[in-house]
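Encoded as structure tokens, the structure appears first; notes follow it.
Where a number appears in this text, it was derived from the coordinates with a stated rule and is not lab data. Note that this is a predicted model, so its numbers are computed, not measured. In this analysis, Cβ positions are derived from the backbone assuming ideal geometry, glycine residues included, and neighbour counts consider all displayed protein chains.
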Amino acid sequence: MSAKKIIVVGSTNMDMVVKTSHIPVPGETVLGGSFFMNPGGKGANQAVAVARLGGEVSFISKVGNDIFGKQSSQLFEEEGISTRYLLADAGEPSGVALITVDAHGENSIVVASGANANLLPKDLEAALNEIAGAGILLMQLEIPMETVHFAAKYAASLGIKVILNPAPMNTLTPELLQHVHIITPNSKEAEMLSGIPVNSIADARKAATLIAGMGVKNVVITMGAQGALILEDGRFEEVPARPVEAVDTTAAGDVFNGALAVALSEGKTLAEAVQFACQAAAISVTRLGAQSSIPHRNELIVSNL
Ligand code: ADP
């Protein structure tokens, strides 16, 4: 069976990072060290993960009519991501994240959503045929909630599986959750959703039960180095993380979600897809950066996935 297409609807940002001795307090100016720019945004990271892991992906996103938007578009094309629905907003600049990292690796981040905040349901109307031809719709929460809701409802009405990565956490209505096939919070997001602390797999079981009670069919809670917990149709399954030497866990969740979508699009079961996602995410935590750390499919062949 050939794999079904994956649509990612989400954010594109340019991360602008400066290293400093310390993070400035209000009113303080600090002379920083090296400056670098990294393409980011959860939507973009997940679309890149899908492409590198062998999925066919269309990315629906909005950038500004500016240099960062053009750079992002070029980068997506190089990754083999269809940019037909990468829209350029006339009024708002591309989303940026201003990141300061101190000598201890602590960071402070300010995100200016820019054009991402203007990705509205009307922008999806031109892409409805594209969505209708897909097998999976993958979304996060760095775009307006009305857009997430609109896309989820449309996709679910056609039997397309909606994967929602609720990051960063926002209010999730029962109307939205009923359209979600799989929700993929990390432990912090699971905590916010369920209202109980989530530190162990036992806690994750309790949280997953509460989240499923909100009307989502399947819950997958990612637990960092503890792996992931699945609650599928009332049955639990634990998938351990692959033991690795973690150097930078940035974007581990994005790799996990992209990989999950790819495996499901190939007809794997949810448990098999979560195993594949844990393998891919484990590789990413052994490398620095966000998109730079996302593995290619051939790196997972060793494990026969
Ligand atoms: P997020 O990046 O969204 O905070 P997690 O920290 O839960 O999400 O990580 C997502 C997935 O990445 C985990 O389910 C796990 O498979 C993998 N992962 C994260 N940290 C590690 C680690 N230290 N060792 C191995 N795998 C990891």
- request: Using 0.36 nm per residue of separation minus the Cα-Cα distance, give me the extension gain between A225 and A132 in nm, one decimal.
  value: 29.9 nm
task: Starting from the Cα of F36, step 7 Å along the direction of its Cβ; do the same at S292; then give the gap between the two resulting points in nm.
output: 0.2
- prompt: How big is the C-alpha Rg of region 174-305 next to the rule-of-thumb value 2.2 N^0.38 Å, as a ratio?
  reply: 1.01
- prompt: Given a cut-off of under 8 Å on Cα pairs at least six residues apart, what relative contact order in percent is computed for region 46-171?
  reply: 19
field: Pairs of lysine residues in the chain - Cα separation under 16 Å, sequence separation of 8 or more or cross-chain
entry: 14
query: Of all DSSP beta bridges in region 172-255, what percent run antiparallel (nearest 5)?
result: 75
- prompt: Using the Cα atoms as the points, what is the convex hull volume per residue of region 52-103 in Å³?
  reply: 105
- prompt: On average, how much area does the Cα convex hull of the chain cover when viewed from any direction, in nm²?
  reply: 15.9
message: Let me check against my output: what whole-number percent is the relative contact order of the chain, with C-alpha pairs under 8 Å and at least 6 apart?
response: 17
task: Quote the convex hull volume per residue of region 116-211, based on C-alpha atoms, as a whole number of Å³.
output: 90
task: May I ask you to derive the relative contact order of region 121-277, considering only C-alpha pairs under 8 Å and at least 6 residues apart, and to give it as an integer percent?
output: 15
- request: Return P(r) of region 157-218 (all Cα-Cα pairs; 10 Å bins starting at 0; whole %; ordered from short to long distances).
  value: 23, 57, 17, 2
statement: So S2 and N65, fully extended at 0.36 nm per residue minus their Cα-Cα distance, gain in nm 19.0 nm
- prompt: Listed highest first by mean packing, meaning other Cβ atoms within 10 Å per residue, what order do 15-25, 257-267, 285-295, 135-145 come in?
  reply: 257-267, 135-145, 285-295, 15-25
- line: Counting only residues 5 or more apart in sequence or on a different chain, those whose built amide H sits under 5 Å from that of L87 are S61, K62, V63
